[in-house]
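To start, the structure under review is shown below, and the notes come after it.
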Amino acid sequence: MLERFPEAQIAIGPPIEDGFYYDFGLPQQPTEEDLKWVENRMKEIIKGGYDFKEKVVTPDEALKFFKESEV
């Protein structure tokens, strides 16, 4: 989403039963073209076969990580 809308703001992103999701604050309502672009981009990423790893951290560690990564 940030590739398509660099000025978007990441909102909440809780884990769900079969994955996770994120809400975004977007600068404009996404068009059908935007949504299709995001869908195609996600398919490209999935084809990459990346490993996902879970890491349990304390709230302080998480705050430090995101502060340093400027997400």
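The values are calculated or read from the model by the stated rules, or taken from the named source; none is laboratory data. Note that this is a predicted model, so its numbers are computed, not measured. In this analysis, Cβ positions are derived from the backbone assuming ideal geometry, glycine residues included, and neighbour counts consider all displayed protein chains. Accessible surface areas use protein heavy atoms only, side chains included; no ligands, DNA or RNA. Shrake-Rupley method; radii C 1.70, N 1.55, O 1.52, S 1.80 Å.
Listed values, structure above:
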{"read-out": "Principal-axis tilt of helix 32-47 within the chain, Cα atoms, nearest 10 degrees", "value": "50 degrees"}
{"read-out": "Estimated [θ] at 222 nm from DSSP helical runs (n ≥ 4, -39500 (n - 2.57)) normalised by residues in the chain, nearest 500", "value": "-12000 deg cm²/dmol"}
{"read-out": "With every protein chain in place, the chain: carbon and sulfur % of accessible area (1.4 Å)", "value": "55 percent"}
{"read-out": "Cα long-axis angle, helix 59-69 against the chain (0 to 90 degrees, to the nearest 10)", "value": "50 degrees"}
{"read-out": "Per-peptide average of other Cβ atoms within 10 Å, ordering 42-53, 27-38 highest first", "value": "27-38, 42-53"}
{"read-out": "Cα gyration tensor category, rounded, prolate or oblate, for the chain with a/c compared to 1.5", "value": "oblate"}
{"read-out": "Accessible area in square angstrom per residue, region 29-71, 1.4 angstrom probe", "value": "104 Å²"}
{"read-out": "Unit charges on C-beta of K, R, D, E only; dipole of the chain, Debye", "value": "160 debye"}
